[in-house]
Amino acid sequence: MPWIHRDDEVALILWALDNPKVDGVLNATAPNPVTNRELSKALGRALHRPAVMPVPRLALIALRGEELTEQIVGSYRVIPRRALDLGYGFRFTALDAALRDLVG
């Protein structure tokens with residue numbers, strides 16, 4: 001599951017606008033994607049709340065429909081390869097640190 005800290009997203013956009021080497025699409029994601037389970041557990045740690053029970057797929061389909069459910073539970077491993085290759089340096093590469101910064 002791709003994620004990005006808001007400060008990195010804004011900084012990446014500003015960097016891309018100012019960098020003449022950047023042309024085309026950049027993936028605005030942190031360089032270390034995680035699984036949905038890892039994201040849920042990290043969010044639970046950051047909020048000091050338990051993250052013990054996953055939502056059943058059937059319940060998501062009933063609430064949000066098949067298409068949105070696939071977007072929620074689908075597996076995407078997106079890496080910001082072009083941004084990294086062009087020299088962008090992410091401030092937040094670890095999910096726990098990013099979430100602590102956002103909720104702390």
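In table form, for the structure just shown:
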| item | result |
| --- | --- |
| Accessible area of Ile61 in the full protein assembly, 1.4 Å probe (Å², nearest 10) | 50 |
| The chain, relative contact order in percent, only Cα pairs under 8 angstrom and at least six apart counted | 45 |
| Electrostatic dipole magnitude of the chain [Cβ: Lys, Arg +1; Asp, Glu -1; Cα centre; debye, to 20] | 380 |
| Sum of side-chain charges, Asp7 neighbourhood, beta-carbon under 9 Å (Lys, Arg +1; Asp, Glu -1) | -1 |
| Ratio of Rg to Rh over the chain (Cα coordinates, Kirkwood Rh, two decimals) | 1.04 |
| Label point distance in nm, Ala97-Asp18, each placed 7 Å from Cα along Cα→Cβ | 2.1 |
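The values are calculated or read from the model by the stated rules, or taken from the named source; none is laboratory data. Because the structure is a prediction, the values reported are computed rather than measured. All Cβ positions, glycine included, derive from the backbone under ideal geometry; neighbour counts span all protein chains shown. Remember, those area values only see protein heavy atoms, side chains included, never the ligands or the DNA or RNA. Shrake-Rupley method; radii C 1.70, N 1.55, O 1.52, S 1.80 Å.
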